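The values are calculated or read from the model by the stated rules, or taken from the named source; none is laboratory data. No experiment lies behind these values; they were computed from the predicted model shown. Please note: Cβ atoms are built from the backbone with ideal geometry, for glycine as well, and neighbour counts cover all protein chains shown.
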Amino acid sequence: MKKSGGLNADRKKIAVVISVVAVIAIAIGAYFADDFIGKKDTDGQNGKSQTDEKYCDISIDLPTLDNEAVSKEIKDYVESKKSEFEQTAKTLPKPEDGVNYNFTAKYETGAVGDTESVHVIISSYTGSGTARFDKSYIYNKKSGTQIKLGDMMESENSLNVFSSLSYRYLNEYSQKNSLSIADENIKGATAANENNFANVLLKEDGIEEIFMPEQLGIEKEAAVTIPYTDLIGTLKKEYLNGAEKSTVKRDLSKFKDKKLICFTFDDGPGGKYTNKLMDNLDKYDARVTFFVVGSRVNSYKSTLKRAYDQGNEIGSHTYSHSNLTKLNDAELKKEINDTNNLIENVTGAKPTLIRPPYGSTNDKVKKTSGMYNILWSIDTLDWKHRDKNKVADAITKNAFDGAIVLMHDIYETSVDGALIAMDKLSKEGYAFVTVDEMRELRGAEWDISKNYTSFKK
């Protein structure tokens with residue numbers, strides 16, 4: 001009986017041990033299962049979460065906004081992406097490379113006046129590369145109303161202009177960062193479709209555009225900023241962050257029914273002769289376009305700044321006046337970029353127009369520059385004659401509505417001839433406008449592939 005009782009007691013002890021072991025095993029299993037998909041310590045005040053799990057890291061940082069609707073929309077979007085990540089993570093084995101699976105959500109903000117923008121950046125790594133998901137939100141801080149990029153545009157043509165600027169700056173970004181983005185992908189990513197510009201951020205100096213890898217056909221995203229000074233006339237004033245005040249923009253309605261002619265001047269700035277021209281422009285309510293040589297900019301900074309502040313248009317004539325079609329890629333980029341940077345340093349605005357020296361251009365020049373090629377319809381040959389009367393006659397005898405005139409402000413005879421021609425043509429009903437003013441008045445759209453010689457009705 002004692003033996004039998006002892007046996008039963010031993011059996012009971014074994015059963016208890018087994019039960020305890022089972023409970024511990026279940027607890028350990030539950031711990032590691034929970035640990036894999038992530039234990040989170042959440043700070044509800046700032047929206048941050050961090051993890052200390054073995055195989056899976058989650059970090060979320062969300063903005064604190066006054067707009068509850070936008071805050072909820074952002075939170076819901078992030079949560080949906082996190083849920084997708086967690087569901088995938090549950091099916092994955094321990095990472096072989098020792099790098100934890102991870103999910104990160106962060107944001108950037110920017111504002112212009114009463115308009116707030118939030119750009120949410122989500123990245124997710126599950127062992128087979130990092131996936132990125134971006135989404136932007138723009139809303140009015142006072143009304144709470146969400147805003148689309150199209151709502152910010154000045155006119156129906158604004159999206160086309162925005163598209164052209166985007167192409168130019170993305171092309172420039174690609175070259176500067178030695179990215180092999182196919183031209184067809186740049187054109188596709190910047191085509192005049194609002195969906196192409198879904199990821200934007202309103203920054204202090206301009207609108208930042210974020211292009212996703214799948215848009216560009218490369219492995220990483222690209223971000224470019226279009227300055228507000230380039231967007232004057234494209235965006236409504238309330239979205240320009242005061243840039244419209246820094247640039248003189250004329251009321252063009254007064255020229256609507258007039259004959260138009262554009263006087264352009266190459267090879268400057270020309271010091272005292274350029275200033276003599278500007279001294280007389282107001283007499284004829286005239287503004288002109290200067291295509292400046294980069295190597296002369298630093299010697300005539302005050303003249304160039306005056307030209308820009310007066311409301312004249314500043315374009316590029318390259319750095320050293322080289323035939324661009326005969327340069328290799330590196331030389332071509334340097335001629336263009338050095339000049340653009342010098343002009344921007346003085347005026348605060350990067351030029352969008354280029355006059356290729358000798359009128360020599362091709363598709364390579366257009367693609368590399370990302371600028372609009374401006375040629376001419378009237379060549380005064382002022383450099384050859386050095387005679388003010390011949391310059392004036394060449395203009396007045398060949399003038400027509402929409403003409404672009406070629407001159408050089410480094411010669412006094414050219415400036416004097418231009419002023420004689422202005423005096424005569426003003427009496428014939430002509431208005432003297434810049435290249436872009438003429439384009440706008442004629443309702444033409446910029447096209448990077450074209451050579452512009454005139455803007456006829």
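For Asp393, the stated conditions do not hold, so it cannot be described as closer than 15 Å to Val288 by Cβ and either assigned by TED's automatic domain parsing to the domain that holds Asn275 or buried (at least 24 other Cβ atoms within 10 Å of the Cβ) (or both). Among residues belonging to the range 203-213 that are within 11 Å of the chain's Cα centre (by Cα) and among the aliphatic types (A, V, I, L, M), point out the one that is farthest from Met152 (Cα to Cα). For the range 203-213, the residue satisfying everything is Ile210.
Name the residue that is farthest from the chain's Cα centre (by Cα), counting only residues in the range 280-305 that are under 18 Å from Glu344 (Cα atoms) and aromatic (Phe, Trp, Tyr).
First, the residues of the range 280-305 that are under 18 Å from Glu344 (Cα atoms): 289-305.
Subset that is aromatic (Phe, Trp, Tyr): 290-291, 300.
Numbers: Phe290: 24, Phe291: 23, Tyr300: 29 Å.
Per the criteria, the residue is Tyr300.
Can you find a residue in the range 358-375 that is part of a loop (DSSP other than H, G, I, E, B) and within 23 Å of Asn275 (Cβ to Cβ)? No: zero hits.
Here are some conditions: (1) at positive phi; (2) part of a strand (DSSP E or B). Gly98 meets all but one. Which one does it not meet? For Gly98, the failing item is (2).
The set of residues in the range 177-208 that are surrounded by 19 or more Cβ atoms within 10 Å (Cβ to Cβ), touching a helix residue (DSSP H, G or I) at 6+ places or on another chain (Cβ under 6 Å) and not in a helix (DSSP H, G or I) comprises Ile181, Thr190, Gly206.
Within the range 341-352, which residues are closer than 10 Å to Gly315 by Cα and either among the aromatic types (Phe, Trp, Tyr) or in contact with a helix residue (DSSP H, G or I) (Cβ under 6 Å, 6 or more places away or on another chain) (or both)?
In the first step, residues of the range 341-352 are kept if they are closer than 10 Å to Gly315 by Cα; the result is 343, 350-352.
The answer is Lys350, Pro351.
Pairing residues of the range 70-82 that are in the same structural domain as Phe103 (by TED's automatic domain parsing) with residues that are surrounded by fewer than 15 Cβ atoms within 10 Å (Cβ to Cβ) and among the polar types (S, T, N, Q), at Cβ distances under 7 Å and at least 6 apart in sequence or on separate chains, gives Val70/Gln146.
Just to be sure before I move on: is Asp97 over 20 Å from the mean Cα position of the chain (by Cα), without any contact (Cβ under 8 Å) to a residue 60 or more places away in the chain, over 18 Å from Glu209 (Cβ atoms) and surrounded by fewer than 14 Cβ atoms within 10 Å (Cβ to Cβ) in the structure I sent? Step through it out loud before you land on a result.
Details: over 20 Å from the mean Cα position of the chain (by Cα): yes; without any contact (Cβ under 8 Å) to a residue 60 or more places away in the chain: yes; over 18 Å from Glu209 (Cβ atoms): yes; surrounded by fewer than 14 Cβ atoms within 10 Å (Cβ to Cβ): yes.
So Asp97 passes the test.
So, in the range 334-369, of the ones that are under 17 Å from Tyr452 (Cα atoms) and among the charged types (D, E, K, R), which residue ends up modelled with the highest pLDDT? Taking the candidates together, the pick is Arg355. Filtered by the rule that a residue be within 26 Å of the chain's Cα centre (by Cα) and assigned to a loop (DSSP other than H, G, I, E, B), the range 101-128 gives Gly113, Asp114. Screening Pro213, Pro227 for residues that are farther than 26 Å from Ser454 by Cβ and touching a Gly at 6+ places or on another chain (Cβ under 6 Å) leaves exactly one candidate, Pro227.
Is it the case that the range 261-273 has a residue that's surrounded by 20 or more Cβ atoms within 10 Å (Cβ to Cβ), closer than 18 Å to Ala421 by Cα and among the charged types (D, E, K, R)? Full working, then the answer.
Initial filter on the range 261-273 (surrounded by 20 or more Cβ atoms within 10 Å (Cβ to Cβ)): 261-270, 273.
Right, trim to closer than 18 Å to Ala421 by Cα and you get 261-266, 273.
This time we only want the ones that are among the charged types (D, E, K, R), so: 266.
Yes - at least one qualifying residue is present in the range 261-273.
Selection of the range 323-333 for residues being in a helix (DSSP H, G or I) and surrounded by fewer than 16 Cβ atoms within 10 Å (Cβ to Cβ) yields Thr325, Lys326, Asp329, Ala330, Glu331. Return the residues of the range 383-434 that are in contact with a strand residue (DSSP E or B) (Cβ under 9 Å, 6 or more places away or on another chain), without any contact (Cβ under 8 Å) to a residue 24 or more places away in the chain and in a helix (DSSP H, G or I); say none if nothing qualifies. The one that is in contact with a strand residue (DSSP E or B) (Cβ under 9 Å, 6 or more places away or on another chain), without any contact (Cβ under 8 Å) to a residue 24 or more places away in the chain and in a helix (DSSP H, G or I): Ala394.
Here is a yes/no grid of residues against (1) assigned by TED's automatic domain parsing to the domain that holds Glu219; (2) at pLDDT below 95:
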{"residue": "Ser128", "(1), (2)": "no, yes"}
{"residue": "Arg132", "(1), (2)": "no, yes"}
{"residue": "Val161", "(1), (2)": "yes, yes"}
{"residue": "Arg168", "(1), (2)": "yes, yes"}
{"residue": "Ile181", "(1), (2)": "yes, yes"}
{"residue": "Glu184", "(1), (2)": "yes, yes"}
{"residue": "Ala189", "(1), (2)": "yes, no"}
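For the range 344-382, how many residues are without any contact (Cβ under 8 Å) to a residue 60 or more places away in the chain and surrounded by fewer than 17 Cβ atoms within 10 Å (Cβ to Cβ)? Number satisfying all stated conditions: 9.
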